[in-house]
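Structure, as structure tokens:
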Amino acid sequence: MGEQKRRYQARDGVSRETIFDGERLTIHTSMDVEPVLDSIARDRELMTHGVNKVVGRLPAIVVEDLIKRGLYYDPDAFDRWWNSYEADPWRIWKGRL
């Protein structure tokens, strides 16, 4: 039996499909993050960082990954993630949390 793919969601720039290979069911999520990265680059230049700071902007696929890894709902782990190099592409404000 070959691989069966079925797209079950495509909205707001996020596409999800199921992939079944006869034994395992996998959910694949994809998203074009270029518009998000472009807006972050723009905001890094335009935003003045006073008392209230916009730390960054996270695409849905990054949030889902953080949830799967158990980092999203743990405030200390989430702050450590924001301060890591992994979060750099999504950061607007470059200070530390």
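Before we move on, is residue 17 surrounded by 15 or more Cβ atoms within 10 Å (Cβ to Cβ), in contact with a His (Cβ under 6 Å, 6 or more places away or on another chain) and without any contact (Cβ under 8 Å) to a residue 60 or more places away in the chain?
yes
Take the range 26-40 and flag every residue that is touching a strand residue (DSSP E or B) at 6+ places or on another chain (Cβ under 9 Å) and loosely packed, with under 10 Cβ neighbours inside 10 Å.
Matches in the range 26-40: none.
Looking for whichever is charged (D, E, K, R) and open to solvent by less than 40 Å² (accessible area, probe 1.4 Å) here; the options are 57, 91. Which one fits?
Sole residue among the options that is charged (D, E, K, R) and open to solvent by less than 40 Å² (accessible area, probe 1.4 Å): 91.
Take residue 14 and tell me if it is closer than 17 Å to residue 87 by Cα and of a type in the set (Val, Ile, Thr).
no
Do we have residue 43 as surrounded by fewer than 10 Cβ atoms within 10 Å (Cβ to Cβ), in contact (Cβ under 8 Å) with a residue 12 or more places away in the chain, out of contact with any Asp or Glu (no Cβ under 9 Å at 6 or more places or on another chain) and under 23 Å from residue 92 (Cα atoms) here?
no
Assess whether residue 22 counts as being more than 12 Å from the chain's Cα centre (by Cα), open to solvent by less than 100 Å² (accessible area, probe 1.4 Å) and at negative phi.
no
Count, please, the residues in the range 6-21 that happen to be in contact with a Phe, Trp or Tyr (Cβ under 8 Å, 6 or more places away or on another chain) and not basic (Lys, Arg).
Residues in the range 6-21 being in contact with a Phe, Trp or Tyr (Cβ under 8 Å, 6 or more places away or on another chain) and not basic (Lys, Arg): 2 in total.
The values are calculated or read from the model by the stated rules, or taken from the named source; none is laboratory data. Since the model is a prediction, treat every value here as computed from it, not as a measurement. Cβ coordinates were reconstructed from backbone atoms using ideal geometry, including for glycine residues, and neighbour counts include every protein chain displayed. All accessible areas refer to the heavy atoms of the entire protein, side chains included, with ligands and DNA or RNA removed. Shrake-Rupley method; radii C 1.70, N 1.55, O 1.52, S 1.80 Å.
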